[in-house]
Structure formats: structure tokens, C-alpha cells
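Asks: Mind having a look at this structure? Questions to follow.
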Amino acid sequence: MNDSKKNLLLFFDRPTEPCFMQKGEEKAVFDIPDHFYPEKYKALSSTLSNRFGNDARRTIPVRNIALPNLDLPMELSYNDQFSLFVPKHRQMAGKLIDIFLGMRNVDDLISVCSFCQLRINPYMFNYCLSVALLHRPDTKGLNIPTITETFPDKFMDPKVFRRAREVSTVVTSGPRLPVVLPQNYTASDTEPEQRLAYFREDIGINLHHWHWHLVYPFESSDRAIVAKDRRGELLYYMHQQIIARYNIERFCNKLPRVVPFGTDLRERITEAYFPKLDSQVASRAWPPRFQGSALQDLDRPVDQIKIDVSEMEMWKARILEAIESNSILLPNGRQMPLDEEKGIDIFGDLMEASILSPNRAYYGDLHNMGHIFMSYAHDPDHRNLEQFGVMGDPATTMRDPLFYRWHGFVDDVFVLYKNKLPPYGNDKLDFPGIRVSSVSVEGKAGRNTFATQWEQSTLDLGRGLDFTPRGSVLARFTHLQHEEFDYVIEVDNSSGKAAMGTVRIFMAPIADEAGNKFPFNEQRRLMIEMDKFSQGLRPGKNTIRRRSVDSSVTIPYERTFMNQNNRPGDPGSVEAAEFDFCGCGWPHHMLLPNSPGEPGSAEAAEFDFCGCGWPHHMLLPKGDNKGYPMQLFVMVSNWAEDGIKQDLVGSCNDAASYCGIRDRKYPDKRAMGFPFDRPVPAGVQTVKDFLRPNMAVTDCKIRFSDAVRVRGGQ
């Protein structure tokens, strides 16, 4: 990688420290033109240049270029919060992304970044630069740090940072002991919702939601960056799966299903949430939401938001009307039908209200503004000068119980559309000549038994702790983990010739919170996708073994939490190469002999796209100490009818189910969630009534141990 590209990564190091200060382990400084200094530093520009440049190991000369018009992105105060859900913020971010994408070359991009880093809100700058680096052809493959590294304040108790600063000040060099994050710090055990804190506040889950929005930005003048294949359907399916997973976690913890919020937008919100987070940029505590809060009309000139709850109710009514008529009103007055193939994708774009919405002026911004109304419930008119709560930020919103209630409602709206589609017939479900005789699970816990427990892992926060002594700052956190396992699927191919199938594996609970067995039409909505892959089937009997680490839903642990200095394509990454790259076939516990690609190569570029995916340590629900009963379902469908023929060489598709594949089509012609995305005929009461010869189901259980192990002996 040439130095110019590598220099861009220094803007992520200690993001609120000026870029003329030393950055990175090599103590590099940007030598910026005098007029790039903000007004408060201009009189001291030569002094500052000497102070931070004298002992720098590397100086980066910054070109003096004609700067673009930055008035719009600079409208957001440097010390404010930034939210992709706020319409004005999305416009500002879209403009800044366009500016970064439009720079002629990397050196010019560095110039405009050095000017912006000193003036633009750090949260917005970080987001926009990340999106640009992911999508510029000359920067794909740069090792973009995750937001957990650059802004760890969005993910953990601020007490950790006080202790971390103490440790880094006292132990100025050499190894530092990790600061231990408390597992339950936002509420006591007397709050029932606290039983789900391990899920809602999991670092990997919140990172997943942030990264999904990084890969799928809302706005840009380059429509191709937004209009990725089946984006609207992905919005629906990714969130549908989150709600299904969350409901199963609730059952495992003896809590009822989520009660959707949105049927009555004026009802009182029963759940309180006190996030216990501080904003590093705004120097403010994230505000809480008190029990009994309600959505109120918003009048916040500071955010350029003035909207009544009644407008949300109007948007909701229009969306429900579109479902009833099975068509969308276009700006030209014509009706666009919602057909079986494209309808869900169009409807998802309308609900997300990105620039792809077919009629944003009429159908509004229901999903995003729902987040905003809820995030301002504590201060709707800014009279207390408060900023938005955690519901207003994609990196923090999944911490709040209200997120799941809101998306429970959004999912119900999507289901109203899905329920208008006819049930799948045998022509869609059966695969003649292919019979699945059994499916089972093998692993350390025994046959058809999954094992879960707590695990402690360590993160380095040093890159995100501004104005503290240099060096690593370690934090140890506790998360759910499972023992790895294998699926064993017996398939008989009686067609007399070789065939190619798509293996689809799902899991669902058997009974509801009261212990009553689910009718299948309810159970299907709780089917969580565990894996999906293509498989050749020779004539006769076939035994398919599939490892859990190869799931098409998840990204490996190392891709969520690994040290960004030891990523694919970086020289010297062998020692940290406990890395399962893009389904290349190596076990994730084995060392790779070489890095998966040269820095800046296409192989390395896929890493950042593949950072989007469900965290592997959360593949399984928690279960309980008795062994929570579940059903495992497998289907082999005809790849000739549902496969996408495309070149995937060098592409990462191991977490494609929730995130798609970079610059490619979604790798499955079927509807996302197939075969459970549509209602079933009235006569189908159980999953066994639903089975065709090419499907099988088995009972299994998830046994949880309340033990804690330390990962890798850290």
C-alpha cells in the first residue's frame, strides 16, 4: 500500500485530537498549510507545527488545494451529537460523502480531510470518511477501524474510561492490565428487562447495526452507492431476524414476547431506559427515558425538526392504505403495483425513506422519524437543551428495549404486506427426486444439544481515548458464547443424476412464553436463519456435514473484535491470523500461513464489507440450564431455480444472508426468509404438516451454563 492511502487511516486515530498532533504508533503528523488551521490556532500555527513536529517520526505534507464548499456539513456543531435518523443530518452527511468521493485522487482527499477533521463534527466526519473509503475505487481495501475503536464511548460504561486513563497515566509504558467492564451496569436485577441486557448491550450486536448502515448509506448523489441489490428487502429481513432472535431470548429468560409499539403512537411507553453512557464529543451524558413517557410534537430549531405526531399518524395511514391496495402512489399520480417479486424490496425502500423511496413526499419517513420521536421523548422542544437519547443513533439504538417494540411494529407492517401473497405451493417448495431423511447436530454438548456460556474477551481502546498518554488501553468485557458444532444432514438423491441443492437451515422455539405449543403460522415468524449454502448431490445417499463456524449469517469473532493492525493484507499479520476469511475453507481456530491479500487488494477490500454480519458469538440463543427446547429445520431446494450465477472469486459471501455481497447480486433468487416469509394454508397447523420430502425437522435443546471462561487465556 502506498503511504498516501495508509495516511488516510490516521484520521481515525484519536478522532477529536487535531490532525496536526502526532497520530498512530509511528507518531506521524500532518504538515498542513497555514490557512487550514482553525481561527483559534492560526496565530500559533508555526509554534504548533514545531511543537508536534520536532519529535515526529514521520511528517506528511498536505497539499494546498482549492477547497470545496463545506457550508452544509459545517452547519452541525463540532460538539453536537450526529444521527443518521435526523433528516438534516442525513443531508449534511450525504453532501460530505459526495465531497470525499469527488476528490480527484488520494492526496487531494487527504487535503480536504485535514481541513475537515479540524472543523467537522467528529462523529459525522468518521461516518462519511468510512463510507467514502469503502466505496472509492482507489481506497477499497483500506483497513478502516471499527467504531468500537474510534468511539468506544458509544458502547460502554464511562467509569471504564476514567479507570483506563488512570492506568495509562500510571503505567506509561509496557504491559497494562485490562479494565474489567461490569456485565450489568444499566439496571439492577429488580428490572425484568435487565435479563436481556447481555443481548441488547452486546458490543458485537450494536457494531453489526452500525456497520450495516455504513455499507448501506441513506443518501449520496452517486445513486449506485445507495441502490445496492435488494436493499429494501434486506432492511426488512435483517430487522425481522433481529426481532425473532430477541423474542427467543425473551422466552429463554422467562419473559413474554415483545409488545409492538406503534399501533397507537400516543400510548405511554412503559419501559424506562437509563443508558449510563457519556458522549466523548458532546461532553454530555446520554439522556434517559423515564417510565410513562410519550411521543410529543417536536419543535427543535437546533435540529431543524418541526413535526407533529399527527404527521406520523398520516404517514402510517398512507402506508397501510398502500398495503391494502397492493400499490404505491407515485409522484406523477400513477399507481405502482407491489408484485410478488419486487414488492417487498420497493416497500422496504419506502419504509426506510432513503433516496430510493418511490414517493418520500407522500409516504414520509415513518421508520427513521419513529426513532427520532422516541429519542426526544425527554425534551421534545429543546427547552432543557438536551440532545437525543440512544434511540437516535444506529450505533446505540439496539441497547434500548423500545427499539424492539418499535421494530416489532415495523415488522408487523411488513407482515401485512406479506400476508397478501399466496402461500407457496408444491411447485415452489418441493425438489422432486431429493429426500432429506434426517438432520441432527453433533458437538461437545452431545447429539442435538447446543451448549452456551459466558466468555470474557479483551478490546484495545487506545485509539479512541483522546488526550491521554499513548499506548494500549485494554478493556475486558463479558458476552455470550457457544460451543461449536456440526450439522449432519442425510439426503437421498433418487433422480439418477447429479444435482445441485441449496441447503437452508432454520431454528425456532416449540412453545410460547406460557408453554403452549405454537400454531405453525406463528412459529414460522420465529424461525431464525442459521445457515444457507449450496451443495452438490450425487445420485444415491449423501451425508452432508456443515460446521457452525461457516454460517452464512455470521462473521467470525475475529472480524468483530480483532486488532485492526492485524487484518488481511497488512504485513506482519501472521501472528494474529486466527481468521476465517470469506469462506476460504480454513477453520477459524487455525493460523493462516499468509495474509489473504496485498494491502489495498480486492481480497483485502472485502474485509470491510464482511465486517457487516451478525456476530458469531451470538449465533445461538442463550437457552437455559435445563436445556431450552427448540426445533431445527432443514430444507434442500433446487439451486437451478434459486441460485444466482455470478462470479464470486475474491468476494466475501460468508455473511451474505443479512448483508448481501459487495458489488454483486444477493446470492439467492428466493424471497429472504423463504420458505417462512409467507402465510400457510389453514390446514397446516404444525411444522410437520408443512414438511415436504426435501425437508426435515428434529427436536433439540440449548443448555446454558452460568460459568465464565476467559478467551484464549487473556
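The values are calculated or read from the model by the stated rules, or taken from the named source; none is laboratory data. Since we're looking at a predicted model, the values are computed, not measured. As a convention, Cβ positions derive from the backbone with ideal geometry for all residues, glycine included, and neighbour counts pool all protein chains shown. The protein model used for the area step is the full one, side chains on, heavy atoms only, and it has no ligands, DNA or RNA in it. Shrake-Rupley method; radii C 1.70, N 1.55, O 1.52, S 1.80 Å.
Asks: Report, in deg cm²/dmol and to the nearest 500, the calculated mean residue ellipticity at 222 nm for the chain, where each DSSP H run with n ≥ 4 adds -39500 (n - 2.57) and the sum is divided by the residue count.
Replies: Using -39500 (n - 2.57) per qualifying helix, the result is -8500 deg cm²/dmol.
Asks: Place a label point 7 angstrom from the Cα of K517 along the Cα-to-Cβ direction, then list the residues of segment 676-714 whose backbone nitrogen is under 19 Å away.
Replies: Only 680-692, 696-702 pass the distance filter.
Asks: Now a separate question. Determine the relative contact order of the chain: mean sequence separation of Cα pairs under 8 Å and six or more apart, normalised by residue count, in whole percent.
Replies: 16
Asks: Reachable lysines from K645, Cα under 18 Å, same-chain residues fewer than 8 places away excluded?
Replies: The reachable lysines, counting only those whose Cα sits under 18 Å from K645, are K228, K532, K665, K669.
Asks: Between K342 and K40, what's the calculated FRET efficiency when r is the beta-carbon distance and R0 is 45 Å? Round to 0.05.
Replies: On the way: r = 53 Å, r/R0 = 1.18.
So, using R0 = 45 Å, E works out to roughly 0.25.
Asks: Count the lysine pairs in segment 4-139 whose Cα atoms lie under 23 Å apart, taking only pairs 8 or more positions apart in sequence or on different chains.
Replies: 8
Asks: Which Cα, out of L537, W210, H378, lies furthest along the positive dipole direction of the chain (beta carbon charges, K/R +1, D/E -1)?
Replies: L537
Asks: Could you size up the charge dipole of the chain around its Cα centre, putting +1 on the beta carbon of Lys and Arg and -1 on that of Asp and Glu, and report it in debye to the nearest 20?
Replies: The calculated dipole for the chain is roughly 860 debye.
Asks: Here is a follow-up. Straight-line reach from K626: which lysines fall under 17 Å, measuring Cα to Cα and dropping same-chain residues less than 8 apart?
Replies: Filter leaves K254, K444, K701.
Asks: So if I take the centroid of the Cα atoms in segment 1-42 and the same for segment 255-306, what is the distance between those two points in Å?
Replies: First find each Cα centre; the distance between them is then 37 Å.
Asks: Dividing the Cα radius of gyration by the Kirkwood radius, what Rg/Rh value follows for segment 75-194?
Replies: 1.07
Asks: A further question on this structure: So, counting K/R as plus one and D/E as minus one, what does the shell of residues with Cβ under 12 Å around I147 add up to?
Replies: On the way: positive: K154, R463; negative: E149, D153, D393.
Counting the neighbours of I147, the net charge comes to -1.
Asks: Skip the ligands, DNA and RNA, and give the accessible area per residue of the chain with a 1.4 Å probe, whole Å². It would help to have the intermediate numbers written out before the result.
Replies: Working: 27140 Å² over 714 residues.
Accessible area per residue: 38 Å².
Asks: Then there's this: Where does each of 531-540, 411-420 land if you order them by average Cβ count within 10 Å, highest first?
Replies: Highest mean packing first, the order is 411-420, 531-540.
Asks: Could you sort R547, R162, R670 by their accessible area in this structure, using a 1.4 Å probe and putting the largest first?
Replies: On the way: R547 65, R162 145, R670 30 Å².
From most exposed to least exposed: R162, R547, R670.
Asks: Kindly provide the trypsin sites (Lys or Arg not before Pro) of segment 203-255 that DSSP labels as loop, not H, G, I, E or B, and whose Cβ sees at most 10 other Cβ atoms within 10 Å.
Replies: Passing both the DSSP loop test and the Cβ count: K254.
Asks: Keeping every protein chain in place, order E25, E166 by accessible area at 1.4 Å, biggest value first, i.e. largest first.
Replies: Highest to lowest solvent-accessible surface, that is E25, E166.
Asks: Go through S705, S657 and list them by solvent-accessible area, largest first, probe radius 1.4 Å.
Replies: S705, S657
Asks: Separate question: Could you work out the local net charge near M103, counting Lys and Arg as +1, Asp and Glu as -1, over the other residues with Cβ closer than 11 Å to its Cβ? If you can, show how the numbers build up before the last one.
Replies: Values: positive: R63, R104, R136; negative: D98, D107, D108, D138.
So the environment of M103 carries a net charge of -1.
Asks: Something else: Can you report the principal axis dimensions of segment 192-420 using only the alpha carbons, biggest first, rounded to whole angstrom?
Replies: Extents along the principal axes, in whole Å: 48, 44, 35.
Asks: Oh, and also: Over all directions, the average projected area of the alpha-carbon convex hull for segment 291-404 comes to how many nm²?
Replies: Values: hull surface 33.6 nm².
Averaging across all directions leaves 8.4 nm² for the Cα convex hull.
Asks: To continue, here is another question. Between beta-carbons, use under 12 Å as the cut-off and find the net charge around G643, counting Lys and Arg +1, Asp and Glu -1.
Replies: Numbers: positive: K532, K645, K665, K669, R670; negative: E641, D642, D668.
Surrounding charge for G643 is +2.
Asks: Here is a follow-up. Based on the Cα atoms of segment 4-139, what semi-axes does the equivalent ellipsoid have, where each is the square root of 5 times one gyration tensor eigenvalue, given in whole Å with the largest first?
Replies: 24, 17, 14
Asks: If you don't mind, another one. Measure off, as a whole percent, the carbon and sulfur share of the 1.4 Å-probe accessible area of the chain, all protein chains present. List each step's numbers first, then the result.
Replies: Working: 13640 of 27140 Å².
Carbon and sulfur: 50 percent of the exposed surface of the chain.
Asks: Taking the Cα centre of segment 192-420 as origin and charging only Cβ (+1 Lys, Arg; -1 Asp, Glu), how large is the dipole, in debye to the nearest 20?
Replies: In total the dipole reaches around 460 debye.
Asks: In whole percent, what relative contact order does segment 4-139 give with Cα contacts below 8 Å and a gap of six or more residues?
Replies: About 29 percent, as a whole number.
Asks: In percent, what relative contact order does segment 192-420 have, based on Cα pairs under 8 Å that are 6 or more apart in sequence?
Replies: That works out to 28 percent.
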